[in-house]
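Visitor: Quick one: structure below, then a few questions.
The values are calculated or read from the model by the stated rules, or taken from the named source; none is laboratory data. Values in this document were obtained by computation on a predicted structure and should not be read as measured data. As a convention, Cβ positions derive from the backbone with ideal geometry for all residues, glycine included, and neighbour counts pool all protein chains shown.
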Amino acid sequence: MGGFFGVASKTDCVMDLFFGTDYHSHLGTRRGGMAVYGKNGFQRSIHNIENSPFRTKFERDVEELSGNSGIGSISDNEPQPLLIQSHLGSYAIVTVGKINNEEFLIRQAFENGHIHFMEMSGGRINATELTASIINQKQSLVEGLLYAQELIEGSMTILLLTPEGIYASRDRYGRTPVVIGQKDGAYCVSFESFAYINLGFHDCTELGPGEIALVNPSGIQTLSKPRKERKVCSFLWVYYGYPTSSYEGVNVEEMRYRCGEILARRDLDCGRESCENCPGHAEPGSSWAGKEKLKSLSAAETQKPDGSSIHPDIVAGVPDSGIAHAIGYANQSGIPFARPFIKYTPTWPRSFMPQNQSQRNLIAKMKLIPVDALIRGKSLLLIDDSIVRGTQLGETTEFLYKSGAREVHIRPACPPLLFGCKYLNFSRSSSDLDLITRRIIREREGDNLSPELLADYADPDSKNYSQMVEEIRKRLNFTSLKYHRLDDLIKSIGLPADSLCTFCWSGKE
């Protein structure tokens, strides 16, 4: 993934840019960068942030940079911002997204007279540089940005820093957000809407899908109107988004509460068409007649895979993104919320996660410290944001058993991931077979998987789906496993289904 922040101000913007970019550190783990423009022209700084936070690496740069406008980036992949000089003038560029037709675009660039690209480690070409080469094929920046929207298969949101201001281009289908804040004498452009609140900015507007705007200290000029079709990434609410952010008017934390509430309703539904004692027939957040009775019991009853009842003593969220989902579940079910393990954040925040998967698994284990009094002899119901490979959650479950847990029930806050993301690089999976679901499906069905067969595995009411989920439960040693349904996830977000991207679960564009 990745994040960006830009400021256009009548006074020096560097401190606002520094803190605004830093507030996006949860979106990337590898590179950070800032570029500013002022009386001394363009200045830029890029650092590796794999083993040290953004603030530590850029504190000295704040003293050396100066300018009235600037853009910053946090990235999982390419170093940026890049400084570009072309027939369109000089500008700095940052991008967030993924290019799927990279080979075609590189070949086309060479055919159109582009001489060379800088090569990154591993032989890859910087996607931000490739995007700039597309923009430079046209006769104006706006034409170039529109051309990039049309030509790039995947998704690409772009910020350009120019002497005239910041050009902000949201990706064609609006999969990633672009929000604009305002305060006296300044405007900012941000991926995360919360990133500018403590800097004195207030909400101004949010760009629509494919919309292009020029932002400078005097205001916002729309250069290309938004498109009608919208496909916002649903995973932003489930996992990537920071709790205080909102996308399309929907707050992340509030959505996660609703998600947990609906998970609880599914678990505790008595199966009748209506029942005043059943939370499954109450709206999320509302009270229901049986809640006080439920609280008087030792624990709420749900169902094991074999149909027998279970009695979770506590509901817990896997830190950090699972916590809000778990609060919603606890509020709706009446089962107490607790934290049976704590993430050691002083030295293990998310931004310190390495790219190597085995090292990531080790660090994920090192982060979590068990609370013996809340684990030993207890039945735990855990909510995690998702299950990708299953390795980390399986190891977490194992250490809970070793710490004395009697049962560990798992409720992922989204449906089973069946398809690698084509648009935002939210998963580091290099192949669909990195997903535990696809490994199990291949073992059951072989290598020749039709879209119809995969659609059946994605259907929560199908036999194949049930058998796949049961196999995951067995392999990861969960006492029970029940995923959030896609229709319930869409209900949790509260936006029309056709305005959300759910490709990673449904395989549908």
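Visitor: Restricting attention to the range 472-506, which residues are free of Cβ contacts under 8 Å to residues at least 12 places away in the same chain and basic (Lys, Arg)?
Guide: If the condition is that a residue be free of Cβ contacts under 8 Å to residues at least 12 places away in the same chain and basic (Lys, Arg), then Lys474 is the only one that fits.
Visitor: Going by the structure shown, is Arg475 over 28 Å from Glu229 (Cβ atoms) and not assigned by TED's automatic domain parsing to the domain that holds Pro177?
Guide: So Arg475 passes the test.
Visitor: Okay, moving on. Which pairs do you get when a residue that is without any contact (Cβ under 8 Å) to a residue 12 or more places away in the chain, found in the range 453-471, comes within reach of a residue that is part of a helix (DSSP H, G or I) and of a type in the set (S, T, N, Q), reach meaning Cβ atoms under 7 angstrom, with the pair 6+ apart or on two chains?
Guide: Close Cβ pairs (under 7 Å, with a partner that is part of a helix (DSSP H, G or I) and of a type in the set (S, T, N, Q)) amount to Asp456/Asn464.
Visitor: For Arg230, work out the one condition from (1) under 16 Å from Leu495 (Cβ atoms); (2) among the basic types (Lys, Arg); (3) surrounded by fewer than 17 Cβ atoms within 10 Å (Cβ to Cβ) it doesn't fulfil.
Guide: Only one criterion is unmet by Arg230, namely (3).
Visitor: OK, next. Return a yes/no flag: does the range 54-67 have any residue that is within 21 Å of the chain's Cα centre (by Cα) and farther than 29 Å from Glu143 by Cα.
Guide: Looking through the range 54-67, at least one residue is within 21 Å of the chain's Cα centre (by Cα) and farther than 29 Å from Glu143 by Cα.
Visitor: Is it fair to say Gly20 is in contact with a Cys (Cβ under 8 Å, 6 or more places away or on another chain) and not aliphatic (A, V, I, L, M)?
Guide: Yes: the conditions hold for Gly20.
Visitor: What pairs come up if the first residue lies in the range 401-422 and is assigned to a loop (DSSP other than H, G, I, E, B), the second is crowded, with 24+ Cβ neighbours inside 10 Å and of a type in the set (Lys, Arg), and their beta carbons are under 9 Å apart, counting only those six or more places apart or on different chains?
Guide: Qualifying pairs under 9 Å: Ala413/Arg256.
Visitor: If you don't mind, another one. Can you name the residue in the range 461-509 that is assigned to a loop (DSSP other than H, G, I, E, B) and of a type in the set (Val, Ile, Thr) and is also nearest to Pro177 (Cα to Cα) among such residues?
Guide: Among residues in the range 461-509 that are assigned to a loop (DSSP other than H, G, I, E, B) and of a type in the set (Val, Ile, Thr), the one nearest to Pro177 (Cα to Cα) is Thr502.
Visitor: Condition check: of a type in the set (A, V, I, L, M, F, W, C), assigned by TED's automatic domain parsing to the domain that holds Ala92, over 26 Å from Phe503 (Cα atoms) and crowded, with 23+ Cβ neighbours inside 10 Å. Does Leu160 satisfy that?
Guide: It is true that Leu160 is of a type in the set (A, V, I, L, M, F, W, C), assigned by TED's automatic domain parsing to the domain that holds Ala92, over 26 Å from Phe503 (Cα atoms) and crowded, with 23+ Cβ neighbours inside 10 Å.
Visitor: Also, I was wondering about something else. Just wondering, is there one or more residues in the range 240-255 that are crowded, with 19+ Cβ neighbours inside 10 Å, within 13 Å of the chain's Cα centre (by Cα) and more than 17 Å from Leu495 (Cα to Cα)?
Guide: Checked against the condition, which is being crowded, with 19+ Cβ neighbours inside 10 Å, within 13 Å of the chain's Cα centre (by Cα) and more than 17 Å from Leu495 (Cα to Cα), the range 240-255 yields at least one hit.
Okay, residues lined up against (1) at pLDDT 95 or above; (2) not polar (S, T, N, Q):
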site: Met118; (1), (2): no, yes
site: Gly122; (1), (2): no, yes
site: Asn126; (1), (2): no, no
site: Val142; (1), (2): yes, yes
site: Tyr147; (1), (2): yes, yes
site: Thr157; (1), (2): yes, no
site: Gly174; (1), (2): yes, yes
site: Pro177; (1), (2): yes, yes
site: Gln182; (1), (2): yes, no
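Visitor: Do you know which of the residues in the range 77-91 that are buried (at least 18 other Cβ atoms within 10 Å of the Cβ) and either among the polar types (S, T, N, Q) or farther than 19 Å from Leu141 by Cβ (or both) is modelled with the lowest pLDDT?
Guide: Residue satisfying both the conditions and the ranking: Asn77.
Visitor: Going through the range 428-452 one residue at a time, which ones are in contact (Cβ under 8 Å) with a residue 24 or more places away in the chain and more than 24 Å from Asn100 (Cα to Cα)?
Guide: Ile440, Ile441, Arg444
Visitor: Pairs under 6 Å by beta carbon, first residue more than 11 Å from Gln137 (Cβ to Cβ) in the range 106-125, partner of a type in the set (A, V, I, L, M), six or more apart or different chains?
Guide: Phe117/Ile125
Visitor: With of a type in the set (Gly, Ala, Ser) and at pLDDT 95 or above as the only criterion, which of Gly290, Gly280, Gly219, Gly241 stands out?
Guide: Gly219
Visitor: I'm checking my understanding of the structure. Among residues of the range 181-192 that are touching a residue at least 40 places away in the same chain (Cβ under 8 Å) and surrounded by fewer than 24 Cβ atoms within 10 Å (Cβ to Cβ), which one is nearest to Val96 (Cα to Cα)?
Guide: Ala186
Visitor: Got a sec? Which of Leu476, Leu453 is buried (at least 20 other Cβ atoms within 10 Å of the Cβ) and at pLDDT 95 or above?
Guide: Exactly one of Leu476, Leu453 is buried (at least 20 other Cβ atoms within 10 Å of the Cβ) and at pLDDT 95 or above, namely Leu476.
Visitor: When you scan the range 197-219, do you find a residue that is surrounded by fewer than 22 Cβ atoms within 10 Å (Cβ to Cβ), in contact with an Asp or Glu (Cβ under 7 Å, 6 or more places away or on another chain) and assigned to a helix (DSSP H, G or I), even just one?
Guide: Yes, the conditions are met somewhere in the range 197-219.
Visitor: Here are Gly28, Gly33, Gly3: which of them is among the small types (Gly, Ala, Ser), touching a Phe, Trp or Tyr at 6+ places or on another chain (Cβ under 7 Å), within 28 Å of Lys98 (Cβ to Cβ) and touching a residue at least 40 places away in the same chain (Cβ under 8 Å)?
Guide: So the residue among Gly28, Gly33, Gly3 that is among the small types (Gly, Ala, Ser), touching a Phe, Trp or Tyr at 6+ places or on another chain (Cβ under 7 Å), within 28 Å of Lys98 (Cβ to Cβ) and touching a residue at least 40 places away in the same chain (Cβ under 8 Å) is Gly3.
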